[in-house]
Amino acid sequence: MASHRASKRLEKARELLVERADELSVALEQFRSATCAGIELSRQGVSLLDGLDETGGPSVRTNLNMALDAMEGARREVRAAMIGVAIEEGMTVGQLAKALGLSRQLLYRVASEDRPK
């Protein structure tokens, strides 16, 4: 059985991952909408520059990049928290890697990055 601290860390990491997934979903929908609008404007003969200006291209792209970065950070934290729980429960990194469909090398790297410096 994992310690309360390790289990709580994993729970919080998973909750954050869900929040980041929701934020990414919104950013992807905005990006999709802006892209579709850009296609339509292009069909109407609007210049690329005017189309990007009209659809909010730069801010939409920036928001999507920020959401992607936040999602990736949350995924890394979940992996690190899972490693902590798995080790406390007596599981090997190899067993966890197999259960998650990831390489042992990736999980060892995540574990080493998560150690206090």
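Here are a few things to note about the model shown:
- The ranking of Met82, Met71, Met66 from fewest to most other beta carbons within 10 Å of each one's beta carbon is Met66, Met71, Met82.
- Here segment 23-52 is scanned for amide nitrogen atoms under 20 Å from the site 7 Å beyond the Cα of Arg75 along Cα-to-Cβ, giving 23-32.
- Taking each residue as 0.36 nm, the span from Glu29 to Ala99 lengthens on full extension beyond its C-alpha to C-alpha distance by 22.0 nm.
- The helix-only estimate of mean residue ellipticity at 222 nm for the chain, built from DSSP H runs of length n ≥ 4 each weighted as -39500 (n - 2.57), is -29000 deg cm²/dmol after division by the residue total.
- As a proxy for reagent exposure, ranking Leu24, Leu102 by other Cβ atoms within 10 Å from fewest up yields Leu102, Leu24.
- Nearest-ten-degree value, helix 104-114 long axis tilted from longest Cα axis of the chain: 90
- Computed from phi, the 3J(HN,Hα) profile of segment 20-33 under the Karplus parametrisation 6.51, -1.76, 1.60 (θ = phi - 60°) reads 5, 5, 5, 5, 5, 4, 5, 5, 5, 5, 5, 5, 4, 4 Hz, with x in place of Gly and Pro.
- Counted charge near Glu88, where neighbours are those whose Cβ lies closer than 13 Å (Asp, Glu -1; Lys, Arg +1): +2
Every read-out reported here was derived from the displayed coordinates using simple, explicitly stated rules and does not represent laboratory data. Computed from a predicted structure; not experimentally measured. Methodologically, a virtual Cβ is constructed for each residue, glycine included, from the backbone with ideal geometry; neighbour enumeration extends over all protein chains shown.
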